[in-house]
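Accompanying notes for the structure given below.
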Amino acid sequence: MRLNRVTGPFDAVLVALGVNDVTRFVPRPVWLGRQRTLIDRLTRDFAARHVLLTGLPPMDRFPLLPQPLRWTLGRHAARLDEGLRTLAAGHPACEVLSFDLPDDPALMAEDGFHPSPATYAIWADMAAGRILARL
């Protein structure tokens, strides 16, 4: 609904969605349908020339999560991420920004679930680089 209050056009849009959908076990077809709707809306209604979709993080490496929950959420995140990549490949305006970071405790917040400030800085630098390369 918030998109109803926004006006475009936009040169680039950075999208970061999915972790809450993983923890809620949203089925892959439902999640991909929502992503497709968002992409279509961004490119059609807001004339977004570049939609940079952040890939899902490797939740199987989140230290807060106990096993087997960590493995289960990690597998679901990987399936959603794989679908996102396939979806993006079919849209010329889309690109997936991989969330491939090393296993470094400094990249996780103290809660063991959220990204640390260092991770946000890395993500911002990566996203800015991809956006600038496409514009």
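None of the figures in this text is laboratory data; all of them are computed from the coordinates on show. Everything numeric here is computed off the predicted structure, so don't read it as measured data. Because the Cβ atoms are built from the backbone with ideal geometry, glycine has one as well, and the counts that use them run over all protein chains shown.
Observations on the model:
- Mean Cβ neighbour count within 10 Å, used as a protection proxy, ranking 14-20, 32-38, 49-55 highest first: 49-55, 14-20, 32-38
- Simple Cβ-charge dipole of the chain, Lys/Arg +1 and Asp/Glu -1, about Cα centre, in debye nearest 20: 640
- Acute angle (nearest 10 degrees) that the helix 69-89 long axis makes with the longest principal axis of the chain, alpha-carbon atoms: 20
- Residue 85 versus residue 100: modelled label distance in nm, points set 7 Å from Cα along the beta carbon direction: 0.8
- Taking the chain and dividing mean pair separation by its residue count, relative contact order in percent (alpha carbons under 8 Å, at least six apart): 26
- Extension gain (nm, one decimal) between residue 134 and residue 36, 0.36 nm per residue minus Cα-Cα: 33.2 nm
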